[in-house]
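All of the numbers you see were taken from the coordinates with simple rules; none came from a lab. All values derive from a computational prediction rather than experimental measurement. All Cβ positions, glycine included, derive from the backbone under ideal geometry; neighbour counts span all protein chains shown.
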Amino acid sequence: MSRFHLGLIINPLAGLGGPAGLKGSDGVAEQALALGSQPLAAVRTRTALECLRTLRERLEFLTFAGPMGADLLAEMGFRYRVLGELHERPSSAADTRKAVELLQDAGVALILFAGGDGTARDVCAAVREGQPVLGIPAGVKIQSGVYAVSPRAAGELTARLIEGGLVRLASGEVRDIDEHALREGKVTARWYGELTVPQEGGYMQQVKQGGVESEELVLSDLADWLQASWEADVRYIFGPGSTLHGLAQNLGLETTLLGVDVIENGRVIALDVTEAQLFALVAGHPARLLVTAIGGQGHIIGRGNQQISPRVLRAVGLEHLRVVATKRKLATLSGRPLLVDSGDVQLDDAFPEVVRVWAGYKEELLYPVGK
């Protein structure tokens, strides 16, 4: 059984300044400790991780040494690997940024981090575009929109993702108040960037037949999104199936229902291509791959689309693969993961643990991939 890999970063100093009335913890951790404040970041992280205990056999954490994650995971009995050592005790901003870099290099599906707005700033400074992260609130002030509403909510949302529930991706703002100004009675917040965060993917607004999702409306919305975001001189591969065929029709393009077609600059340049033809079109040329899931079964590669071969996948790049599927279709999987069977075990193992699913206008979901 393959395991889901989660990154964990704890800022051990987060929240220390609150009980001491210091309006924050930035630069005043030693003072807060001297005033009797007790570190609570690990306690709040424990609350989040309690929600994952029943999934322990399906999980492996990647984390940083000591109080930044390893100590708590050892106490709770989770399987984990340590990727780095502390720069200084108990930790520093540089440690947080280094941890983010190492976790991304290791390919974790989601980075959980416990802290406040200062921690979110450090994560934002090191994270790569599109890397999903989720904050466990442990700071004094939480202005940033990248934290769950509570530690338990962070744990429940993570469990939902691991179990194959629909989890939508969104952009969350990273904001931080100037603590020095706050201690002088002035509230000054600043925007520092945005992070990609998961949100619970409830069903779309209720349309037709008592709230049943409309396939036609979803495909129309997806076509509007794609048409507004075509990349010039990039070749878009449309895999077979009624979902992508319907998407193409909404774009005013004639494609094949059961074939693989290639679109560039808003027009079809190749219909019903063979594997050899497809490889010739994408080798050395920027390309994006759109596939859909077989309803009720979940295969996205290796069933009815063998033209999308291992060498084609490598030429396009797995990072450029997107699954197009309505939430209704995903619901037919009953939480089971999407499946890949390219015929190349090494390539299948290289697939990310979660893929992005286009499910509506500017609506992306995270969904797990089984191996």
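Annotations
- Potential extension, ALA232-GLU156 segment - 0.36 nm per residue separation minus Cα distance: 23.3 nm
- Computed over neighbours whose Cβ is under 14 Å from that of GLU57, the net charge equals +3, Lys and Arg +1, Asp and Glu -1.
- Gain on full stretching of the segment that runs from ASP349 to GLU275 - 0.36 nm per residue minus C-alpha separation: 24.5 nm
- Label-to-label distance, ASP341 versus ALA125, with points set 7 angstrom from Cα along the beta-carbon direction: 4.8 nm.
- Label-point gap, in nm, between TYR361 and ARG79 - each point 7 angstrom along Cα→Cβ: 4.4
- Sorted by Cβ density within 10 Å, fewest first, the residues ASP261, ASP233: ASP233, ASP261
- In terms of the mean number of neighbouring beta-carbon atoms within 10 Å, the peptides 326-336, 59-69, 154-164, 4-14 order highest first as 4-14, 59-69, 154-164, 326-336.
- Count Lys and Arg as plus one, Asp and Glu as minus one, and take only other residues whose Cβ is under 10 Å from that of VAL268; the net charge is then -2.
- Total formal charge among the other residues, if their Cβ is under 14 angstrom from that of ALA42, Lys/Arg +1 and Asp/Glu -1: -1
- When restricted to Cα atoms, region 239-322 yields an Rg and a Dmax of 12.0, 35 Å, respectively.
- Taking amide H as placed 1.01 Å from N in the peptide plane, the amide H of ALA114 sits under 5 Å from that of ILE9, ILE10, ASN11, ILE136, each at least 5 places away or on another chain.
- Cα gyration tensor, region 209-370 - rounded (a/c under 1.5), prolate or oblate: oblate
- A protection proxy built from the mean count of other Cβ atoms within 10 Å ranks the segments 92-102, 269-279, 245-255, 112-122, most packed first, as 112-122, 92-102, 245-255, 269-279.
- Take the Cα of SER171, step 7 Å toward its Cβ, do the same at GLU57, and the gap between the two points is 4.2 nm.
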